[in-house]
Amino acid sequence: MSNIPKDIKQIEETVWEIPTSFKQGMNVPARIFATKKLLDTMDPGVFDQVTNVACLPGIQKYAMCMPDGHWGYGFPIGGVAAMDAENGVISPGGIGFDINCGMRTLVTNLTIKDVQPKIKEIVNTLFQTVPSGVGCKGFVKMNNNQFNEVMEQGIKWCIDNGYGWKEDLDRIESNGKIEWADSSKISQKARQRGIEQLGTLGSGNHYLEIQHIKPENIIDEKLAKKFGIFKDQIVITFHCGSRGFGHQVATDYLKIFEEAMKKYNIKVNDRELACAPFQSQEGQDYYKAMACAANMAFSNRQVILHRIREGFEKIFKMKSEDLGMHCIYDVAHNLARLQEFKIDGKKRKLVVHRKGATLAQDPGNPEVSKLYRDIGSPVIIGGSMETGSYLLVGTEKADKETFSSTAHGSGRTMSRHQAKREFRGEQLQKDMESRGIYVKSTSMSGLAEEAGAAYKEINDVIDALAKSGISKPVTKLIPIGNLKG
């Protein structure tokens, strides 16, 4: 029996709308971007959550869910919602606990022939170099003042302290710094959880992957060339965020917002949607604290990049500059941003929540790095460790229809508990190696949770994005080595 609400209407091939009549209190319709194939497999929690989001004060146009959508905390993962900046709210559930969880991809001038014979050495070296697993600590030692600088300056602190190249700044969303960060809005407990975590991968669905550009997987050769991508090349992609620091920031402010809702007489359908008026003291404090966690996450990925370069230098006995280890881009997929969009023909300031959704801006958009402004913002979408990832670019249609948003990954179809019941990490590791993917993990049960079969087929998600026109695929990235927490 289908989970799809009977009221849903097909607007376009990949756009489905749930009207405001579906649920009492909906201020706007809900829209899901998916093929019929993906829609049929979405869990009922997605439809319930996206229509709950549609009830939030100040929401504009639609509550949205991307094709990788699945049940999350408050918002569905893959959720997008834009709130009026004057009369709307900000909700931690619309950003997520792992604030600025994101993706980073870097190229090399190495080919599959150079790397395949050394893949075990590479994975084993990086496994030692980049700490992973629950509670892992990084090698960067900071005092409180230095951590304040990380929270407020982001990547700049890393570059100034030798963890990267100056050119990296132009290859990171927002140049690796969210401007409105204020470290005074961070609790002591959050500080304690975050101060030793720079350069750590963490656990769960976070990973570091050595990938191969197969000739047949380059979809747009002109755009691929712009990114420095060529046939049979080796690239590296990794996925992680603000670790326990971001989790604590979210936890702290969810408690504050539960009280704030009483103060401002806000009622929500689900306590996980706890929120506060964006212009309130509580709303502004959270917005500034969220930015601190975002800057920490950018910095965390920057230190990981630095350590990857060091690892490759050690193995190939060459400088990383000579190995061509340039960052393509770093994208966030758990953030809220104050941005301008047209509503009914008029420009309005909106607080755009993206929860498991990626910024996808069109060519010419002044917010896009000058490096890529002529083609649109780079989009990195991670698949499972068995299937690969994709590099795409943003489009004008995304700017007009989804508040410049797209998917972030393949999206789970199976709970972690179910995956652990159905798969064994040790067997999965052997099976993957037999297929040419050498994987190393701190936890075999954690590896089982991340089995490819627990996720949607990445090609189906990319197909939905391409058909909807909200992202343009450039190339697929196939894993040959993987580190898991």
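The values are calculated or read from the model by the stated rules, or taken from the named source; none is laboratory data. Computed from a prediction, not measured in an experiment: that's the story for all the values here. As a convention, Cβ positions derive from the backbone with ideal geometry for all residues, glycine included, and neighbour counts pool all protein chains shown.
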Can you spot a residue in the stretch 184-197 that is in contact (Cβ under 8 Å) with a residue 12 or more places away in the chain, in contact with a Phe, Trp or Tyr (Cβ under 9 Å, 6 or more places away or on another chain) and hydroxyl-bearing (S, T, Y)? no
For the stretch 257-271, what are the residues that are part of a helix (DSSP H, G or I) and surrounded by fewer than 17 Cβ atoms within 10 Å (Cβ to Cβ)? E258, E259, K262, K263, R271
May I ask you to verify whether G96 is in contact (Cβ under 8 Å) with a residue 24 or more places away in the chain and surrounded by 24 or more Cβ atoms within 10 Å (Cβ to Cβ)? yes
When you scan the stretch 204-215, do you find a residue that is more than 19 Å from the chain's Cα centre (by Cα) and assigned to a helix (DSSP H, G or I), even just one? yes
Restricting the stretch 142-152 to residues that are in contact (Cβ under 8 Å) with a residue 40 or more places away in the chain and surrounded by fewer than 21 Cβ atoms within 10 Å (Cβ to Cβ), the residue that is nearest to P378 (Cα to Cα): M142
Qualifying positions in the stretch 157-187 - part of a loop (DSSP other than H, G, I, E, B) and either of a type outside the set (A, V, I, L, M, F, W, C) or at pLDDT below 95 (or both): N161, G162, Y163, G164, K177, E179, D182, S187
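Which helices (runs of 4 or more DSSP H) sit wholly inside the stretch 405-474 and have at least 1 residues that are buried (at least 22 other Cβ atoms within 10 Å of the Cβ) and of a type outside the set (A, V, I, L, M)?
Because the criterion is at least 1 residues that are buried (at least 22 other Cβ atoms within 10 Å of the Cβ) and of a type outside the set (A, V, I, L, M), the helices (runs of 4 or more DSSP H) in the stretch 405-474 that meet it are 444-449, 458-468.
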Given the criteria in contact with a Leu (Cβ under 9 Å, 6 or more places away or on another chain), touching a residue at least 12 places away in the same chain (Cβ under 8 Å) and closer than 30 Å to V28 by Cβ, does G74 qualify? yes
Does any residue of the stretch 321-332 turn out to be of a type outside the set (G, A, S) and either modelled with pLDDT under 95 or under 19 Å from M83 (Cβ atoms) (or both)? no
Only residues that are of a type in the set (S, T, N, Q) and free of Cβ contacts under 8 Å to residues at least 60 places away in the same chain: list them for the stretch 35-55, please. T51
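Considering only residues that are among the polar types (S, T, N, Q) and in a strand (DSSP E or B), which ones fall in the stretch 91-119?
Answer for the stretch 91-119, where residues must be among the polar types (S, T, N, Q) and in a strand (DSSP E or B): T105, T108, N109, T111.
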Tell me whether the stretch 378-398 contains one or more residues that are surrounded by fewer than 18 Cβ atoms within 10 Å (Cβ to Cβ) and closer than 24 Å to R354 by Cα. yes
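I'd like the residue in the stretch 281-304 that is out of contact with any helix residue (DSSP H, G or I) (no Cβ under 7 Å at 6 or more places or on another chain) and over 14 Å from A336 (Cα atoms) and, out of all such residues, is surrounded by the most Cβ atoms within 10 Å (Cβ to Cβ). Steps first, answer last, please.
Our first condition is that a residue be out of contact with any helix residue (DSSP H, G or I) (no Cβ under 7 Å at 6 or more places or on another chain); within the stretch 281-304, this holds for 281, 283-284, 287, 291, 294, 301, 304.
With over 14 Å from A336 (Cα atoms) added as a condition, the list becomes 281, 301, 304.
Working: Q281: 11, R301: 30, I304: 25.
Filtering first and then ranking leaves R301.
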Restricting attention to the stretch 8-26, report how many residues are part of a loop (DSSP other than H, G, I, E, B) and either hydrophobic (A, V, I, L, M, F, W, C) or surrounded by 14 or more Cβ atoms within 10 Å (Cβ to Cβ) (or both). 5
Contact list, first residue from the stretch 346-370 and without any contact (Cβ under 8 Å) to a residue 24 or more places away in the chain, second anywhere and not in a loop (DSSP other than H, G, I, E, B), beta-carbon distance below 7 Å, six or more apart or interchain, is K347/E340
For E86, work out the one condition from (1) out of contact with any Phe, Trp or Tyr (no Cβ under 7 Å at 6 or more places or on another chain); (2) surrounded by 17 or more Cβ atoms within 10 Å (Cβ to Cβ); (3) assigned to a loop (DSSP other than H, G, I, E, B) it doesn't fulfil. (2)
Residue check, Q248 modelled with pLDDT of 95 or more, surrounded by fewer than 19 Cβ atoms within 10 Å (Cβ to Cβ), within 25 Å of the chain's Cα centre (by Cα) and part of a helix (DSSP H, G or I): no
Some residue of the stretch 313-335 being free of Cβ contacts under 8 Å to residues at least 12 places away in the same chain, crowded, with 17+ Cβ neighbours inside 10 Å and not basic (K, R): yes
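In the stretch 41-76, which residues are on the phi > 0 side of the Ramachandran plot and either part of a helix (DSSP H, G or I) or crowded, with 22+ Cβ neighbours inside 10 Å (or both)?
The initial filter retains those residues of the stretch 41-76 that are on the phi > 0 side of the Ramachandran plot, namely 58, 61, 74.
Selection gives G74 alone.
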Mind listing whichever residues of the stretch 217-234 are in a loop (DSSP other than H, G, I, E, B) and buried (at least 19 other Cβ atoms within 10 Å of the Cβ)? F227, I229
List pairs: first in the stretch 276-289 and closer than 20 Å to E152 by Cβ, second β-branched (V, I, T) and part of a helix (DSSP H, G or I), Cβ under 6 Å, 6+ apart or cross-chain? A289/V249
Scan the stretch 396-418 and report the pairs whose first residue is touching a residue at least 24 places away in the same chain (Cβ under 8 Å) and whose second residue is hydroxyl-bearing (S, T, Y) and in a helix (DSSP H, G or I), with Cβ atoms within less than 7 Å and a gap of 6+ or a chain change. T413/T41
